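The values are calculated or read from the model by the stated rules, or taken from the named source; none is laboratory data. What you are looking at is a predicted structure, and each value in this text was computed from that prediction instead of being measured. Here Cβ is always computed from backbone atoms with ideal geometry, including for glycine, and neighbour counts include all displayed protein chains. Note: areas computed on protein heavy atoms with side chains; ligands, DNA, RNA excluded. Shrake-Rupley method; radii C 1.70, N 1.55, O 1.52, S 1.80 Å.
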Amino acid sequence: MMSVQESFDAVAQSDDFKRWHDKNKSSFLCSLFKIKDQDKETGYQVDFYSKGSETISSFVIENGKAKLALEDAKVFKKDEDEVEELNLADIKVSEHDAIKNVEQIRKKKYAQEKFIKHIIILQHKKVPIWNISAITVSLNVLNAKIDAKTGKVIQESLQSLFSFRKDQEK
């Protein structure tokens, strides 16, 4: 699987991105996203934010070729939240090491839980973070925010997957 930097480079060098970027010069890299199951994983989705329109456009790599997958999608955020630029030069902790940190949290605090899927987002929220949601066999979600510069755990919580639905209904 391609690394964060390799994924970004593949997108940035693609014809689809160059055509899109010519029309969206003020947009910036805001996140990379992927899903990892026990037996397979997707490649990274590379997301760019356009501040003027408050939209995100996403690129994916399929069969070694980057393509525009989603253009000008509405951003899901609170009005007071700011989408921040992600600078890959600031990333010192690998995805692998961030997931190891999440696994250490599980072993230390939630040993009875077993992960079946990871949702992995690399983004910038005051600092660059790995925002990892690990779904367990018992349908709980361990969410951990790991500082992508230092590897320090910024925040972690375990919730039932069903509690997210209740939160949405409020």
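Only one of the numbered conditions (1) within 20 Å of T42 (Cα to Cα); (2) assigned to a strand (DSSP E or B); (3) in contact with a strand residue (DSSP E or B) (Cβ under 6 Å, 6 or more places away or on another chain); (4) open to solvent by less than 60 Å² (accessible area, probe 1.4 Å) is not met by A73, and that is (1). Of the strands (runs of 3 or more DSSP E) that lie entirely inside segment 83-170, those containing 1 or more residues that are among the charged types (D, E, K, R) and in contact (Cβ under 8 Å) with a residue 24 or more places away in the chain span 115-125, 140-147, 153-160.
From the list I146, I129, I154, which residue is modelled with pLDDT of 95 or more, open to solvent by 40 Å² or more (accessible area, probe 1.4 Å) and under 19 Å from the mean Cα position of the chain (by Cα)? It is I154. Examine segment 42-65 for a residue that is open to solvent by less than 50 Å² (accessible area, probe 1.4 Å), touching a Lys or Arg at 6+ places or on another chain (Cβ under 6 Å) and either part of a helix (DSSP H, G or I) or closer than 25 Å to Q5 by Cβ (or both), and state whether such a residue exists. Yes, there is a match, as at least one residue in segment 42-65 is open to solvent by less than 50 Å² (accessible area, probe 1.4 Å), touching a Lys or Arg at 6+ places or on another chain (Cβ under 6 Å) and either part of a helix (DSSP H, G or I) or closer than 25 Å to Q5 by Cβ (or both).
Within segment 29-41, the set of residues being open to solvent by 10 Å² or more (accessible area, probe 1.4 Å) and within 14 Å of E95 (Cα to Cα) comprises S31, F33, I35, K36, E41. When A10 is tested against (1) part of a helix (DSSP H, G or I); (2) of a type outside the set (D, E); (3) open to solvent by 80 Å² or more (accessible area, probe 1.4 Å); (4) in contact with a Lys or Arg (Cβ under 9 Å, 6 or more places away or on another chain), only condition (3) is not met. Just one of the numbered conditions (1) without any contact (Cβ under 8 Å) to a residue 24 or more places away in the chain; (2) within 14 Å of the chain's Cα centre (by Cα) is not true of F48: (1).
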